[in-house]
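Let me begin by presenting the structure, written as structure tokens, before commenting on it.
The values are calculated or read from the model by the stated rules, or taken from the named source; none is laboratory data. Quick caveat, the model's predicted, so the values are computed rather than measured. Note that each Cβ is placed from the backbone with ideal geometry, even for glycine, and that neighbours are counted across all protein chains shown. Quick note on the areas: whole protein, heavy atoms, side chains included, nothing else; ligands and nucleic acids left out. Shrake-Rupley method; radii C 1.70, N 1.55, O 1.52, S 1.80 Å.
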Amino acid sequence: MPGIVVFRRRWSVGSDDLVVPGAFLFVLHLIWVTVLGVLLGILQWDRSIMCIFLLWEYILGYLVLFIVSMVVEFSICFLATRGSILDTAKRAPMQYILYIRLFLLLVEAGWLCAGVTWITRFYQSCPVDQVKDVMLGLVICNWCVLAFVMVTVWCTYDAAGRSWVKMKKYQRSMREAESRGGRLHYKRSGSRSRNWRQRKVIRAYQDSWDNRCRLLFCCMGNSDRNRNSFADIAKLLSDFFRDLDVVPSDVIAGLVLLRKFQKIERELIVKQKKNDTYEFLSGVPVTPRTKFLSLTEDGDLGHFQLAIHYMHFALAAYGWPMFLVNHSTGLCQLCTRLRCTCFPCGNHEDEATIVEDNCCQCNYAALRKMVEVGEVEVIYATFHVDVGETPFFVALDYSKRKVVVSIRGTLSMKDVLTDLNAEGEVLPLTPPKDDWLGHKGMVQAAEYIRKKLQEENIIARALSKDPSRGTDHFGLTLVGHSLGAGTAAILAILLRQEYPDLICFSFAPPGGLLSMPAQQYSQEFTTSVVVGKDVVPRIGLRQMESLRADLINAIKRSVDPKWKTIACSVMCCGCSSTPTSAANMEAGGCISEYQRDKDLARSQAIVPTDSSIALTLHMPLFPPGRIIHVVRHHPNKGEKKYESRWRQVLSKREPVYQALWAGPCDFDEVLISPVMIQDHMPDNILKALNKVSACRDRTGTVLDVNAPTNTPANASVNAVADATKDAADGPSSRTSYQVDVTTYRKASNQRHVLLHHENTWKTRGRDADPNADAYATTPSSCHETRL
């Protein structure tokens with residue numbers, strides 16, 4: 001960082017990235033120098049024969065060329081490892097060494113042509129068998145290297161590189177004029193009204209992103225809808241990356257550093273007890289204000305079990321790919337349910353309407369298999385997919401007396417385009433509400449599904465399916481995962497006036513989905529479920545701007561070479577597991593400076609340095625509804641539990657899964673973690689929900705505690721245990737209070753954790769603490785202090 005400038009053009013590669021190709025070519029040429037040196041030194045060459053003399057000269061010439069190339073490549077590697085990511089001054093001579101290497105490459109290409117000429121003329125007739133084979137291998141190998149170099153050049157070519165260099169040169173001249181006290185007659189790039197040079201660069205990058213989208217999605221056709229989507233996404237991406245002089249490896253190094261900084265920041269917050277933070281569970285601060293779910297019969301247990309039940313419907317919408325992933329014998333199970341002539345014994349007829357499934361209706365067969373969690377009858381299923389049009393199915397759930405509309409998540413490239421179309425768009429409501437915005441691609445998908453439901457009268461058909469069983473009185477439930485979760489939440493808002501008793505379960509919804517007024521309204525009927533450090537609920541345009549600022553801040557703090565920073569993230573490397581900048585931050589024990597720099601980078605709309613970026617002001621969008629966050633607690637070796645059942649669970653060193661209520665503003669930061677993608681997978685979400693229920697059953701986490709909610713965090717363990725015992729054995733007249741979180745205590749360098757969950761909904765508990773369940777029933781404030 002920044003991209004190297006060669007031939008007066010910026011390239012999408014940094015000067016410190018050349019250590020890898022330089023080292024590769026150095027090792028390759030070292031091998032060939034050894035082989036050719038052995039051939040020239042050991043074999044007897046009869047140079048009186050013309051073909052042998054030419055071959056001897058050819059190998060000798062290659063030996064000299066390789067030795068010179070090795071010297072240049074060693075210089076490239078040496079320079080590339082100098083300085084930190086932003087310290088490009090120590091690598092300034094790199095472009096001149098590249099000019100020398102390019103000249104040698106042209107000489108090598110000419111020498112290769114000479115080798116091809118020798119092979120075509122003398123390979124069959126020349127009386128040197130072994131050397132001929134080495135000669136052929138040498139020519140083939142170096143043609144492959146030449147092709148590899150050409151592909152690398154093509155991949156690192158920046159279409160707007162020349163315009164970028166001109167713009168940066170202009171910016172430097174303006175800064176020099178400012179430093180001399182001169183008057184500016186043109187607007188700088190830092191100003192909000194951009195000059196023509198910047199507009200030219202932005203247009204060039206927008207065209208470049210548009211071409212990349214067309215190349216990446218070339219199999220989707222060239223329809224008007226696709227072209228419009230490409231243009232919108234290209235505009236979004238070019239605007240997002242404007243003025244950001246980074247290369248792909250910078251992003252990788254920044255993510256490595258950011259993960260270390262986030263981890264150290266959390267550890268220091270706990271150590272310093274900032275904001276009354278006892279612990280972090282899956283990156284979530286546990287404070288006296290944290291609200292855990294009350295998994296009791298008269299608490300949140302019924303609602304939580306509904307979430308588990310409807311997660312099966314969200315999983316079923318993915319069809320046969322997800323079924324085969326989760327079942328080792330899935331193929332055999334599907335074969336008995338296919339509806340095609342290939343398997344006549346498994347031809348099961350029903351009255352469901354199936355649209356655009358494959359010839360054997362594999363998706364429908366898997367769907368029926370995965371919804372066998374009760375008495376379920378599928379009414380309609382469409383697997384048609386396009387940009388802004390996602391598959392869904394409608395089923396009757398007799399066990400819950402609901403009509404279920406389940407919407408599929410991202411599974412195709414067209415779904416990816418829908419995801420990327422992330423600008424805010426006004427929800428199509430009657431009457432319209434201008435401040436109710438939603439994710440544009442998912443608003444289009446929700447409008448498409450609403451139109452299908454109305455045009456084909458699907459919900460009415462389901463309600464009239466079997467009036468003798470009361471289907472005409474069934475309620476409506478919308479479910480979905482990922483893209484389907486966001487679409488279901490928006491569709492629930494659109495259908496709420498027509499179906500006032502509907503509910504929605506949104507599993508792993510995108511973070512940039514609804515504006516705050518729409519989000520607050522959705523809390524009345526929508527429940528979202530997020531697992532661990534899932535990245536999707538933390539991804540929106542606003543969150544991406546914060547991530548971009550955090551990455552630049554982390555890169556600026558780096559003092560190590562890029563190769564060392566990236567290598568430190570690989571467990572097998574012998575270097576230190578912590579980069580120097582992170583180690584210094586940890587040793588200092590003070591995070592105030594880091595947090596101040598991070599907040600400053602996020603708050604600034606314009607950062608007047610070449611290596612920084614100008615943040616775009618996007619309307620903040622949030623995940624929908626009330627949010628259940630499933631978190632993990634990983635026990636340490638020295639951690640003790642004051643319940644024998646806890647000790648039985650922890651004896652296997654397995655994480656304890658728990659669920660808490662979260663607010664829409666709790667997901668405004670991307671947590672860098674190896675499980676950030678794994679936690680988003682629908683099958684893992686179902687497993688996590690089941691583990692929460694299993695941990696509750698095994699450990700008996702639901703306790704009645706005869707103690708007020710403001711019990712000091714440093715209360716003695718014996719007092720807590722006595723209070724627990726008194727609550728369990730005491731008279732029924734005692735008042736039951738909600739203990740939202742749990743008492744944490746540090747003694748003898750050991751962490752002692754006791755999690756208390758209590759009945760949230762009891763009347764006496766509410767009387768004792770009228771604000772106990774406020775988090776679950778009222779919108780959380782977005783102005784709380786962030787950790």
Does at least one position in the range 8-23 carry a residue that is aromatic (Phe, Trp, Tyr) and under 25 Å from Phe148 (Cβ atoms)?
yes
What is the number of the single condition among (1) at pLDDT below 85; (2) open to solvent by less than 20 Å² (accessible area, probe 1.4 Å); (3) among the charged types (D, E, K, R) that Lys725 does not meet?
(2)
Residues of the range 508-551 classified as open to solvent by 20 Å² or more (accessible area, probe 1.4 Å), farther than 22 Å from Met676 by Cα and touching a Gly at 6+ places or on another chain (Cβ under 9 Å), total:
2
What are the pairs, 6+ residues apart or on separate chains, where a residue within the range 551-570 that is aromatic (Phe, Trp, Tyr) has its Cβ under 9 Å from a residue that is surrounded by fewer than 19 Cβ atoms within 10 Å (Cβ to Cβ) and in a loop (DSSP other than H, G, I, E, B)?
Trp563/Thr81
Residues of the range 405-424 classified as within 30 Å of Ala462 (Cβ to Cβ) and open to solvent by less than 10 Å² (accessible area, probe 1.4 Å), total:
6
Determine whether Leu79 is within 18 Å of Glu108 (Cβ to Cβ) and either of a type in the set (Asp, Glu) or modelled with pLDDT of 90 or more (or both).
no
Selection status of Lys564, in contact with an Asp or Glu (Cβ under 6 Å, 6 or more places away or on another chain), open to solvent by 10 Å² or more (accessible area, probe 1.4 Å) and on the phi < 0 side of the Ramachandran plot
no
Kindly indicate whether any position in the range 658-671 is open to solvent by less than 40 Å² (accessible area, probe 1.4 Å), part of a strand (DSSP E or B) and either out of contact with any Leu (no Cβ under 8 Å at 6 or more places or on another chain) or at pLDDT below 55 (or both).
yes
Residues of the range 43-85 being of a type outside the set (D, E, K, R), within 27 Å of Ile97 (Cα to Cα) and open to solvent by 60 Å² or more (accessible area, probe 1.4 Å), in sequence order, are Leu60, Val64, Ile67, Val68, Val71, Phe74, Phe78
Among Ala446, Ala422, which is within 21 Å of Pro624 (Cβ to Cβ), at pLDDT below 95 and of a type in the set (A, V, I, L, M)?
Ala422
Within the range 67-90, can you find the residues that are touching a residue at least 60 places away in the same chain (Cβ under 8 Å), out of contact with any Lys or Arg (no Cβ under 6 Å at 6 or more places or on another chain) and assigned to a helix (DSSP H, G or I)?
Ala80
For residues in the range 41-91 being more than 34 Å from the chain's Cα centre (by Cα) and of a type in the set (Asp, Glu), which is farthest from Leu30 (Cα to Cα)?
Asp46
Can you go through Leu258, Leu236, Leu268, Leu215 and tell me which one is closer than 30 Å to Val5 by Cβ, outside any loop (DSSP other than H, G, I, E, B) and at pLDDT 85 or above?
Leu258
Tell me, which residue of the range 431-450 that is more than 17 Å from Met516 (Cα to Cα), of a type outside the set (Asp, Glu) and touching a residue at least 40 places away in the same chain (Cβ under 8 Å) is most open to solvent (accessible area, probe 1.4 Å)?
Gln444
Determine if the range 486-506 includes at least one residue that is under 17 Å from Ile379 (Cα atoms) and in a helix (DSSP H, G or I).
no
Restricted to the range 106-163, and to residues that are over 30 Å from Arg10 (Cα atoms) and not in a helix (DSSP H, G or I), which residue is least open to solvent (accessible area, probe 1.4 Å)?
Cys126
Based on what the data block shows, is Thr477 surrounded by 21 or more Cβ atoms within 10 Å (Cβ to Cβ) and not in a helix (DSSP H, G or I)?
yes
When residues of the range 239-255 are limited to those that are charged (D, E, K, R) and closer than 30 Å to Thr580 by Cβ, the one modelled with the highest pLDDT
Asp250
Given (1) modelled with pLDDT of 70 or more; (2) over 24 Å from Ser482 (Cβ atoms), number of the condition Asn358 does not satisfy:
(2)
With the requirement that a residue be basic (Lys, Arg) and in contact with a Leu (Cβ under 9 Å, 6 or more places away or on another chain), what does the range 443-468 give you?
Arg450, Lys465
Restricting the search to the range 276-304, which residues are assigned to a strand (DSSP E or B), within 20 Å of Ala688 (Cα to Cα) and of a type outside the set (Lys, Arg)?
Phe280, Leu281, Val284, Pro285, Val286, Phe292
